[in-house]
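Report on one structure; see the data block that follows.
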Amino acid sequence: MKTVLITGAASGIGLATARLLSQQMRVVLADRNYEGAERAALEIERGGGRASAVEVDVSDARSVARMAEKTQRELGDVHALFCNAGVSPKAPFEEWRESDWDTVIDTHIKGVFLCTRAFLPQMCARREGAIVTTGSDYSIVGHRHGAGYAAAKAGIYALTKSIALEFAPFNIRCNSVGPGPIETPLLRKGMADAQWAAHKAARGERVPMGRLGQPEEVASVVAFLLSERAAYITGQIVHPNGGSVMW
């Protein structure tokens with residue numbers, strides 16, 4: 001059975017993807033929130049899937065190295081990788097602190113760099129592998145009050161294309177999924193029920209399809225991009241966004 005490792009897997013899009021892929025692969029749920037990842041892995045196993053949890057801070061090289069070593073020791077090779085960990089602070093541009101900027105850039109761009117670097121050598125040795133990164137609509141458009149997030153997501157897309165180009169001769173594909181507004185804990189963070197209901201309704205009105213997306217709708221795109229059905233697709237970004245950004 002092949003193994004897929006998913007970062008940011010304790011909730012939201014990462015968890016929805018883990019649940020979906022566990023039907024056909026062994027899933028490693030990697031997250032800074034180890035307790036959440038472990039609960040999710042146990043839930044998947046109770047449902048008949050094969051899953052395990054590992055703690056990781058994707059912005060820390062030593063933590064990523066420990067994650068990769070533990071996974072290799074206990075499960076063997078990782079055949080597919082979903083780099084999904086992310087943070088999303090928001091503030092007017094002039095209020096962004098250097099520490100906020102560093103956290104966003106390190107979690108997103110450095111995180112993808114460290115995680116792909118950890119698993120690319122074994123993929124190259126097998127001459128087979130598939131990687132998906134989590135971009136955003138903001139990979140290609142600006143973000144008011146989210147300059148660091150947009151810059152990070154644009155950087156992830158550029159890094160994705162570069163990996164795809166460099167490792168295509170090794171039969172390794174690298175694509176990005178660029179969600180629009182998705183109903184996740186990250187989007188809701190800090191909002192009370194009434195505030196969230198109002199935000200959800202207002203944000204949905206700005207989407208041509210009239211609603212927020214669901215994590216499962218993004219997970220289905222990730223599963224496709226990691227599968228053999230996407231064997232001739234690399235270096236692309238696919239936007240499950242209800243039509244909120246078209247290009």
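Laboratory data are not the source of any read-out in this text; all were calculated from the coordinates shown. Remember, it's a predicted structure, so these values are computed and weren't measured experimentally. No Cβ is skipped: glycine too gets one built from the backbone with ideal geometry, and neighbour counts run over all protein chains shown.
Considering helices alone, the calculated mean residue ellipticity of the chain at 222 nm is -14000 deg cm²/dmol, with DSSP H runs of length four and up weighted by -39500 (n - 2.57) and normalised per residue. According to the square roots a ≥ b ≥ c of the eigenvalues of the Cα gyration tensor, what is the shape class of segment 1-88, taking rounded for a/c under 1.5, prolate for a/b larger than b/c otherwise, and oblate for the remainder? The shape class here is oblate. Ordering PHE170, ALA150, VAL104 by Cα displacement along the dipole of the chain toward the positive end leaves PHE170 in first place; charges were set at the Cβ atoms of Lys, Arg (+1) and Asp, Glu (-1).
Treating only the Cβ atoms of Lys and Arg (+1) and Asp and Glu (-1) as charged, compute the dipole magnitude of segment 1-72 about its Cα centre; round to the nearest 20 debye. My answer is approximately 260 debye. Summing Cβ point charges (Lys, Arg +1; Asp, Glu -1) relative to the Cα centre of segment 85-219 gives a dipole of roughly 260 debye. Given +1 at the Cβ of Lys and Arg, -1 at the Cβ of Asp and Glu and no other charges, the dipole of the chain around its Cα centre is 440 debye to the nearest 20. Helices meeting the span-like rule in the chain (full DSSP H runs, Cα extent of at least 27 Å along the helix axis, mean Kyte-Doolittle score of -0.5 or higher): 147-167.
Along the chain, the exposed loop sites are trypsin sites (Lys or Arg not before Pro) outside DSSP states H, G, I, E and B with at most 16 other Cβ atoms within 10 Å, and the longest stretch free of them is 3-89.
Quick one: order PHE119, PHE93, PHE113 by neighbouring beta-carbon count within 10 Å, fewest to most.
Fewest-to-most Cβ neighbours within 10 Å comes out as PHE93, PHE113, PHE119.
Based on Cα contacts under 8 Å between residues 6+ apart, segment 1-147 shows a relative contact order of 24 percent. Each of HIS145, HIS79 was scored by other Cβ atoms within 10 Å of its Cβ. Arranged with the fewest first, they read HIS145, HIS79. Each of TRP101, TRP247 was scored by other Cβ atoms within 10 Å of its Cβ. Arranged with the fewest first, they read TRP247, TRP101. Could you tell me how far the Cα centroid of segment 136-203 sits from the Cα centroid of segment 13-60, in Å? Centre-to-centre (Cα) distance: 20 Å.
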